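Below: one structure, written as structure tokens.
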Amino acid sequence: MAEEPKKVPDELPKESSPAPLPIPDWSNPPTPAGKMSWPELLGVAAEEAERKIKEEKPELNVHIIPPNSMVTMDYRLERVRLFVDESGKVAQEPRLG
């Protein structure tokens, strides 16, 4: 007993399907309101830089990164990394991410 092949309708149903959902573009995440970087903190002691950032945006997590340390490449809008040199001063412009 062989199965009968399923018959394909000649026309598509008349009911229209809902419009497809748009695909979000995550290559450029939305920018948060307010300041994104602190170039004025270059050369400032890490503790002082952390204090100034916390005064402006207390919701941010500030991470002090010692020289020659590895970091992950993830992007977090609630984080600011302070890359410091051997003397403990900010060596790169602090920015969100």
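Derivation of every value follows stated rules applied to the coordinates shown; laboratory data play no part. It should be emphasised that the depicted structure is a prediction, and the values quoted were computed from it without experimental measurement. Cβ: placed from backbone, ideal geometry, glycine included. Neighbour counts: every protein chain shown.
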Compactness of the stretch 30-97 as Cα Rg over 2.2 N^0.38 Å, two decimals: 1.04
Highest mean first, how do 36-43, 64-71 rank when packing is the count of other Cβ atoms within 10 Å averaged over residues? 36-43, 64-71
Relative to the Cα centre, what is the charge dipole magnitude of the stretch 55-97, using +1 at the beta carbon of each Lys and Arg, -1 at the beta carbon of each Asp and Glu, and rounding to the nearest 20 debye? 100
For the residue pair Glu78 and Arg95, what label-to-label distance in nm results when each label sits 7 Å from Cα along the Cα-to-beta-carbon direction? 2.2
Give me the number: length gained by fully extending Leu21 to Lys52, i.e. 0.36 nm times residue separation minus the C-alpha to C-alpha distance, one decimal in nm. 6.9 nm
